[in-house]
Amino acid sequence: MTIDEMKAQIGQEIGVSKWFEISQATINSFADLTHDLQFIHIDPVAAAKTPFGTTIAHGFLTVSYLSAFAIDALPGVAGRVMGVNYGFDKLRMMSPVKSGSKIRGRFVLKALDSKSPQQHQLTYAVTVEIEGGDKPALIADWVTLAYTK
């Protein structure tokens with residue numbers, strides 16, 4: 001999709017990813033990688049005694065899935081040679097993701113500002129849904145940079 005075509009999509013949903021399962025093995029790997037070994041993530045017996053009734057994914061694990069959702073769901077930018085994360089204008093973790101749940105990303109293109117003919121700042125309103133859940137796991141305004149030829 002060209003930059004001009006994308007600008008015409010501002011305010012519209014432009015992609016929904018497939019569902020990704022968040023297994024206990026994935027949660028454990030993330031815990032090991034980040035050294036966040038809180039029992040609510042890695043100890044099913046202790047976590048069963050909490051209001052969640054089971055282990056839950058780290059909030060930052062859910063955030064890290066935004067890249068996978070984007071790769072799966074978003075249209076390519078014509079002439080793009082590189083894309084980078086720029087940050088977040090808003091990020092809220094709304095509901096825990098229980099082990100074994102499936103999540104997906106829903107993207108609305110909120111803004112697209114061309115900083116130069118080869119650098120474009122895109123802001124996506126992202127909602128991470130939990131399959132069968134009443135509330136999203138996460139909402140964010142995610143800012144990325146696309147570099148084009």
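Here are a few things to note about the model shown:
- Filtered by the rule that a residue be within 19 Å of Ile139 (Cβ to Cβ), hydroxyl-bearing (Ser, Thr, Tyr) and buried (at least 17 other Cβ atoms within 10 Å of the Cβ), region 47-72 gives Thr62, Tyr65.
- Within region 21-39, the residues that satisfy the criterion of being surrounded by 14 or more Cβ atoms within 10 Å (Cβ to Cβ) and either among the aromatic types (Phe, Trp, Tyr) or not in a loop (DSSP other than H, G, I, E, B) (or both) are Gln24, Thr26, Ile27, Asn28, Phe30, Ala31.
- In the set Val77, Val84, only one residue is β-branched (Val, Ile, Thr), more than 12 Å from the chain's Cα centre (by Cα) and modelled with pLDDT under 95; that residue is Val77.
- Among residues of region 132-149 that are buried (at least 16 other Cβ atoms within 10 Å of the Cβ) and assigned to a loop (DSSP other than H, G, I, E, B), those with a beta-carbon under 6 Å from a residue that is at pLDDT 95 or above and among the hydrophobic types (A, V, I, L, M, F, W, C) at least six positions away or on a different chain give the pairs Pro136/Met94; Pro136/Val128; Ala137/Val97; Ala137/Ile103; Ala137/Val128; Ala137/Ile130.
- Those residues of region 90-131 which are polar (S, T, N, Q) and assigned to a loop (DSSP other than H, G, I, E, B), in sequence order: Ser95, Ser99, Ser101, Gln118
The values are calculated or read from the model by the stated rules, or taken from the named source; none is laboratory data. Given the structure is predicted, the values throughout are model-derived calculations rather than measurements. Heads up, the Cβs are rebuilt from the backbone with ideal geometry, glycines too, and the neighbour counts pull from every protein chain shown.
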